[in-house]
Amino acid sequence: MAIERTLSIIKPDAVAKNVIGEIYSRFEKAGLKVVASKMKHLSRAEAEGFYAVHAARPFFNDLVNFMISGPVMIQALEGEGAIAKNRELMGATDPKKAEPGTIRADFADSIDANAVHGSDAPETAAVEIAYFFPQAEVYSR
Ligand code: RTP
Ligand code: MG
């Protein structure tokens, strides 16, 4: 399995629950390294741009409103098979369907307030990391 990078966001609900450290700890225990990180309160335009692929979906407005409801924690994670590994740690989009012990099972309240985002493929990971971090702010280690 190749070393990959993926973009992770701890969403406003999980930031408000004060579980940033708990979630970072899960990344680290799974062998994922935080190689870039920042807290940010997204503007509407930033959130709409980030989720542009979902612009035509009925849940788009709710998604954007939720993502700008408070600050988020944004990080790039690096490790073997990082994209799939992060999705595994996150659990299913709907926390009711998420495996016990996953981040969403433990911290998410609903399909809207679902605690974390993770890139879903190498192409989207590259675009999403570049969306938030200039190359000089990503530290391979
Ligand atoms: P994410 O992009 O945030 O990591 O989540 P995901 O891949 O698991 O899910 P995706 O299909 O990409 O959807 C993005 C976010 O939109 C909200 N959503 N709501 N009401 C609905 O049917 C619905 N479907 C998706 C979720 O908050 C999801 O995380
Ligand atoms: Mg997605």
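The values are calculated or read from the model by the stated rules, or taken from the named source; none is laboratory data. For clarity, every value in this text was computed on a predicted model and none was experimentally measured. Methodologically, a virtual Cβ is constructed for each residue, glycine included, from the backbone with ideal geometry; neighbour enumeration extends over all protein chains shown.
Quick notes
- Within region 67-97, restricting attention to residues that are among the small types (Gly, Ala, Ser) and in contact (Cβ under 8 Å) with a residue 40 or more places away in the chain, the residue that is nearest to ligand 1 (Cβ to nearest atom) is SER69.
- Qualifying positions in region 88-107 - surrounded by 17 or more Cβ atoms within 10 Å (Cβ to Cβ) and either acidic (Asp, Glu) or closer than 19 Å to PHE132 by Cβ (or both): MET90, ASP106
- Residue ID - farthest from TYR51 (Cα to Cα), chosen from residues in region 98-122 that are near ligand 1 (Cβ under 10 Å from one of its atoms) and among the charged types (D, E, K, R): ARG104
- Output for region 108-139, where each listed residue is closer than 16 Å to PHE27 by Cβ, of a type outside the set (Val, Ile, Thr) and surrounded by fewer than 22 Cβ atoms within 10 Å (Cβ to Cβ): HIS117, TYR139
- Just one of the numbered conditions (1) within 16 Å of ligand 2 (Cβ to nearest atom); (2) within 23 Å of ALA126 (Cβ to Cβ); (3) in contact (Cβ under 8 Å) with a residue 24 or more places away in the chain; (4) not in a strand (DSSP E or B) is not true of LEU7: (4).
The rows are residues; the columns are (1) away from ligand 2 (no atom under 14 Å from the Cβ); (2) within 21 Å of LYS38 (Cα to Cα); (3) touching a Pro at 6+ places or on another chain (Cβ under 9 Å).
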{"position": "VAL53", "(1), (2), (3)": "no, no, no"}
{"position": "PHE59", "(1), (2), (3)": "no, no, no"}
{"position": "PRO71", "(1), (2), (3)": "yes, yes, yes"}
{"position": "ILE74", "(1), (2), (3)": "yes, yes, no"}
{"position": "GLU80", "(1), (2), (3)": "yes, no, no"}
{"position": "ALA105", "(1), (2), (3)": "yes, no, yes"}
{"position": "ALA130", "(1), (2), (3)": "yes, yes, no"}
{"position": "PRO134", "(1), (2), (3)": "yes, yes, no"}
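- Tabulated pairs, region 16-45, first farther than 14 Å from GLY70 by Cα, second in a loop (DSSP other than H, G, I, E, B) and aromatic (Phe, Trp, Tyr), C-beta under 6 angstrom, 6+ apart or interchain: VAL35/TYR139; ALA36/PHE133
- Qualifying residue in region 109-120 (condition: free of Cβ contacts under 8 Å to residues at least 60 places away in the same chain, over 11 Å from LEU7 (Cα atoms) and either away from ligand 2 (no atom under 15 Å from the Cβ) or of a type in the set (Ser, Thr, Tyr) (or both)): yes
- Counting only residues that are in contact with a Lys or Arg (Cβ under 7 Å, 6 or more places away or on another chain) and modelled with pLDDT under 95, region 94-141 holds 1 of them.
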